[in-house]
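Comments concern the structure below.
FYI, it's all coordinate maths here, none of it is from the lab. No experiment lies behind these values; they were computed from the predicted model shown. Reconstructed Cβ throughout: ideal geometry from the backbone, glycine too, with neighbour counts over all protein chains shown.
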Amino acid sequence: MADRDNPLPPKPSAQRLGREKLPPPVKDFRIDAFGAQPRTGGFRALVAALGLAMPSSIFADVPQAQPVLVFKLTADFREDPDPRKVNLGVGAYRTDDCQPWVLPVVRKVEHQIARNDALNHEYLPILGLPEFRSNASRIALGDDSPAIKEKRIGSVQSLGGTGALRVGAEFLRKWYNGTNNAATPVYVSSPTWENHNGVFGAAGFTDIRTYHYWDAAKRGLDLQGLLQDMENAPEFSIFVLHACAHNPTGTDPTPEQWEKIASVMKRRFLFPFFDSAYQGFASGDLDRDAWAVRYFVSEGFELFCAQSFSKNFGLYNERVGNLTVVGKDGDNVLRVLSQMEKIVRVLWSNPPAQGARIVATTLSSPEHFTMWKENVKTMADRILLMRAELRSRLEALGTPGTWNHITEQIGMFSFTGLTAKQVEYLINEKHIYLLPSGRINMCGLTTKNLDYVAASIYEAVTKIQ
Amino acid sequence: MPTLSVFLDVPLAPKTRGRLLDDFQKDENPNKVYLAYEVCMTGNEVPWLPPVVPKTLMKLAHDPSQSYEYLPEHGLEAFIHVATELLVGRHSPAIVENRVGGVHTIGGSGAIRLAAMFLKDWHRGPRVVYLQPSQKEQHGFIFQEMGFIIREYTFWDPYQLASDTGKLFDVVEHAPERSIVVLYNPGSFILPRKRWIKLAKVMKRKQIFLFFDVPDQGFISGDPDRDNKILRYFVSQGFEFFCSQCFSNSFGLYDERIGCLIAVALSNEALLHIRSQLDSYARYMWCSPPALGSRVITTILSNPALRVEWKKSLRGVVENIMLTREKVKEKLRLLGTPGSWEHITEQDGMHSFLGISVDQVDYLVTKKHIYIPKTGQFNLTCINNQNIDYIAQSINEAILAIGPGPQPREPPTKESVVPEDSELQVPGLKREGTKFSGLAALLRSKK
């Protein structure tokens, strides 16, 4: 495969035409009747008619890039004609009728916004909508956050959680641990959301490592391994931590375990970069889900927190995210934000408004805020119900193995512990789609398909070892 | 806190833009005018928003079937389809042959970013980009970030007070083979047909990679289909190129970040491969683009009645701009302002060069509270019935105070030339040691 360092020899230039004058393809460039007859032929036909070889594309060496696995899964699901099919791979909330759900508060607020005649559609500032930024960070850090009181936080409105991670990663690569130190180790959990690797890699980091997280044997957190990796990590390494509802395992550290983690990180000068995509969605309680981030702040850490409002507001395609920066003092944060502005300027210039407006309007109005919390709880409660129901069915069937992890895990995803072969069986024989890792999205379960899914898992586990 | 901040060594980034706006906002003079807004303004000093847009927004907000499900990485397919059609024309051979398509991006900037990343990885040629000074802050910064060297060129001749698209010949003659040339706002390019054919030949011979940028389709002639004639010519000539398409201006929806990166390739296979690579870049930056703006535009462009309504209001705005040009020129003439003002009506689009000297601009800013950048490039939509007289009078005053008025003239001889901006190369301006090929000299003498 050709790349910049190993260029292929230059391709022969397009053959010269026999005549000097080409028949003009358009009559005149300034006056050409709109709605002219469709041209049958074009360049290719002309070349063919003259009996010449088609010049090859200057992009002939560009290979097809690999698509993301979960998109392929969804595509396969969509094409599957079997009426029993179940999609447990998608990363979005579904109602009990397996439909997407627009939060009632979102409907209300979007109508309000559409009715506003005075709405100005000028570019947002580079760092985003001010009301959104302050409210978003406040939600993560808490109303009574010492960092907010001491005015040492900053916010950057971003294109979803991915955008927030990217801005933070670009900044850290440019300005953290030296200048342009792309070799600072970045640790992501094993396993983690695939995009973590991609985002930090694209931001220029050259040394991305994993830290122990999932213990397959005991189906829980490998705290020993995690702490050991932190002890061994070079000082100032960056650690990507999931604030709650770990993706894909659904397994979070307990408060006591977080305290141990924080203690090691403080001693080793490790930088916490939180990924908070499920606040409110995990337990149904916003403050409970933000406990870890707030604890770190109270312990005096400087940290980044990439927030996504895709799931807890159901605003997936409006790309609403926020990067919260917590520093030692306001001056540091000011300088950091000034550099982030430069970074945003060459990424997307300034962010889109609609999603941010919806979130800002909701968070800043007590009535809407209450309604939002109820909507979030509705989603979280349905997931908790599905967890309980799936577990009880699996146990009732006498499915080999232990299944308490289904209810002990938290958030949208569950690491079932199914092997790759068992997953294959479920997809091919039972038309139940899930990731090879055994990750399922609880939202894909409904009261209508619970029995079928439980029975299928039982089959897979008993038939395939 | 006992430990030092890990951000201790992070320097404060200097503010590169917005100083003019800051000064304007701090100014307390009641007559102050800001003529450098990026956006298209109306007479009421609010940004232009065609009525069809809020109407469509309202309709979409009340659509019960609408959900917020993730778009694919490349965005809304229907939007890419209408955007491509708008750009190259519904009956384009490239569409028929399925070799044009693209990615829905975060505005024009997002498109430029994706293109720059792709070119960094896959373009076999020198890492050199030619662009106009007005593109320095957008294309320039992004390409520099990707490690490209930026070289500037300009059509605007401050001596002849005219925009000469023919300067492209100089650019292309002197550019290394396979350089990248950014062609901003091709709707405003004017050349006789024969010269276009010649230019295309030279570009083909030197394998120049063209990167078109269409920031406001429809704002040149008032008709979006007329504005892209040049682009369509290059398609028909079998060129492969990129085009970043920005919809902010044409629909007044700046804050929803609607853009497209369109790629024209020679084969469907190449197009698919290109798109897959662009998808992978988008995946780690924004995952997928925001939906609302693209849904509004797709709705408007796909619905014949809404489309007609949109085109009508666009035409109205452009006619207003043309009228403003005439008015400004006429008022200056009536005041007896020294100088030639033909260039006011000869330029097109939203932004134009005033043609006055840096000192005269300074006079306007400091003494008359009329804010224009040093280049003298201003936004015509910022001039309205309330401020046009004040502006004309102020320009008159500035010229009388610091003459002379702008006049087309020969550039000074090379001995007396002191380049104002060492990065700014004005093709056609003879410099020490510059060699011109015989053909270029012949072209120049024929102009």
- [ ] Just name one of B:Gly187, A:Thr162, A:Thr419: the one whose Cα is farthest towards the positive end of the charge dipole of the protein assembly as shown (beta-carbon charges, Lys/Arg +1, Asp/Glu -1).
- [x] B:Gly187
TODO: Assuming R0 = 45 Å, can you tell me the calculated FRET efficiency for the pair A:Lys448 and A:Leu119, based on Cβ-Cβ distance, to the nearest 0.05?
DONE: 0.60
Task: Linear extension gain, B:Asp362 paired with B:Glu85, 0.36 nm per residue minus alpha-carbon span - done: 95.3 nm
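Run the dipole for chain A about the Cα centre, Lys and Arg Cβ at +1, Asp and Glu Cβ at -1, nothing else charged, and hand back the magnitude in debye, nearest 20.
On the way: 52 positive and 50 negative charges, 260 e Å.
Charge dipole of chain A: 1240 debye, to the nearest 20.
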Task: Spin-label model distance (nm) - B:Glu173 vs A:Gln257, 7 Å beyond Cα toward Cβ - done: 7.2
Task: Square roots of 5 times each gyration tensor eigenvalue, C-alpha, the stretch A:250-292, largest first, Å - done: 22, 11, 8
TODO: Please identify which residues in the stretch A:56-83 have an amide N closer than 12 Å to a label point set 7 Å out from the Cα of B:Asp121, following the Cα→Cβ vector.
DONE: A:62-67
- [ ] Select from the stretch A:165-261 those trypsin sites (Lys or Arg not before Pro) which occupy a DSSP coil region and have at most 15 other Cβ atoms within 10 Å, ordered by residue number.
- [x] A:Lys218
TODO: Please give every one of the aspartates and glutamates within straight-line cross-link reach of B:Lys15, meaning a C-alpha to C-alpha distance under 12 Å, and leave out same-chain neighbours fewer than 8 residues apart.
DONE: A:Glu341
TODO: Would you mind computing, in nm to one decimal, how far apart the modelled labels at A:Gln99 and B:Glu77 are, each placed 7 Å from Cα along Cα→Cβ?
DONE: 2.3
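Holding the Cα-Cα limit at 30 Å, pick out from B:Lys206/B:Lys329; B:Lys26/B:Lys374; B:Lys329/B:Lys374; A:Lys218/A:Lys421; A:Lys149/A:Lys260 the pairs that are longer than that. Walk me through the intermediate numbers first.
Working: B:Lys206/B:Lys329 42 Å; B:Lys26/B:Lys374 19 Å; B:Lys329/B:Lys374 21 Å; A:Lys218/A:Lys421 20 Å; A:Lys149/A:Lys260 27 Å.
The answer is B:Lys206/B:Lys329.
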Open item on the list: On a straight-distance basis, which aspartates and glutamates could pair with B:Lys198 in a cross-link, Cα separation under 14 angstrom, same-chain partners fewer than 8 positions away excluded?
Closed with: A:Glu20, B:Asp170, B:Glu173
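Taking 37 °C and 0.692 mPa s as the conditions, I'd like the Stokes-Einstein D for the stretch A:256-347 in µm²/s, using the Kirkwood hydrodynamic radius from alpha carbon pairs.
On the way: Rh = 14.7 Å.
The estimated diffusion coefficient comes to 223 µm²/s.
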- [ ] Quick one: among B:Ala162, B:Ala270, B:Ala305, which has the greatest mean-square fluctuation in a GNM of chain B with alpha-carbon springs under 10 angstrom?
- [x] B:Ala305
Task: Lys/Arg +1, Asp/Glu -1 at C-beta; the protein assembly as shown dipole; positive extreme among B:Tyr371, A:Cys98, A:Val186 - done: B:Tyr371
TODO: Give me the orientation-averaged projected area of the Cα convex hull of the stretch A:385-465, in nm², one decimal.
DONE: 4.5
Open item on the list: Only sites in a loop by DSSP and with at most 12 other Cβ atoms within 10 Å count here; which GluC sites (Glu not before Pro) in the stretch A:179-259 make the cut?
Closed with: A:Glu235
- [ ] For the stretch A:123-364, report the translational diffusion coefficient in µm²/s to the nearest whole number, using Stokes-Einstein at 20 °C, 1.002 mPa s, and a Kirkwood Rh over Cα pairs.
- [x] 121
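Could you grab the Rg to Rh ratio for chain B? Cα atoms only, Kirkwood for Rh. Show your work: numbers first, answer last.
Details: Rg = 23.0 Å, Rh = 23.6 Å.
Across chain B, the Cα-based Rg/Rh ratio is 0.97.
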Open item on the list: Give me the inter-chain shielding for A:120-127: mean count of other chain Cβ atoms within 10 Å, whole number please.
Closed with: 6
- [ ] Compute the label zone of A:Asn232 within the stretch A:154-187: residues whose backbone N is under 20 Å from the point 7 Å along Cα-to-Cβ.
- [x] A:184-187
Task: Centroid-to-centroid separation of the stretch B:44-109 and the stretch A:83-158 [C-alpha atoms, Å] - done: 23
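Taking a 28 Å limit on the Cα-Cα distance, which of the listed pairs A:Lys72/A:Lys174; A:Lys72/A:Lys448; A:Lys151/A:Lys342 fall beyond it? If you can, show how the numbers build up before the last one.
Values: A:Lys72/A:Lys174 34 Å; A:Lys72/A:Lys448 25 Å; A:Lys151/A:Lys342 22 Å.
As for pairs spanning more than 28 Å Cα to Cα, those are A:Lys72/A:Lys174.
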Task: Residues A:Cys98, B:Cys243, A:Cys443 arranged by fewest to most Cβ contacts within 10 Å - done: A:Cys98, A:Cys443, B:Cys243
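At 37 °C and a viscosity of 0.692 mPa s, what translational diffusion coefficient does Stokes-Einstein give for the stretch A:288-418, taking Rh as the Kirkwood radius over Cα pairs? Give it in µm²/s as a whole number.
Working: Rh = 18.3 Å.
Diffusion coefficient, whole number: 180 µm²/s.
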- [ ] Please list, or write none, the aspartates and glutamates whose alpha carbon is within less than 16 Å of the alpha carbon of A:Lys430, excluding same-chain residues fewer than 8 places away.
- [x] A:Asp76, A:Glu79, A:Asp80, A:Asp82, A:Asp451, A:Glu459
Task: Number of partner chain Cβ atoms within 10 Å, mean per residue of B:254-263 - done: 4
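Provide the FRET efficiency to the nearest 0.05 for the B:Ala401-B:Asn98 pair, computing r from the beta carbons and using R0 = 45 Å.
Working: r = 61 Å, r/R0 = 1.36.
Once the sixth-power term is evaluated, E becomes 0.15.
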Open item on the list: Let me see the P(r) profile for chain A: every Cα-Cα distance counted, bins of 20 Å, each bin given as a percent of all pairs.
Closed with: 21, 47, 25, 7, 0
TODO: Any chance you could list P(r) for the protein assembly as shown, counting all Cα-Cα pairs in 10 angstrom bins from zero, rounded to whole %?
DONE: 2, 11, 19, 23, 20, 13, 7, 3, 1, 0
- [ ] Rounded to whole Å and sorted largest first, list the principal axis extents of the Cα atoms in the stretch B:235-390.
- [x] 62, 37, 34
Task: For the stretch B:1-145: relative contact order, % (alpha-carbon pairs under 8 angstrom, 6 or more apart) - done: 12
Task: Rough spin-label spacing in nm, given labels placed 7 Å along Cα→Cβ, for A:Glu299 and B:Glu319 - done: 6.9
- [ ] Set the Förster distance to 51 Å, then compute FRET efficiency between A:Lys149 and A:Asp76 from the Cβ-Cβ distance, nearest 0.05.
- [x] 0.50
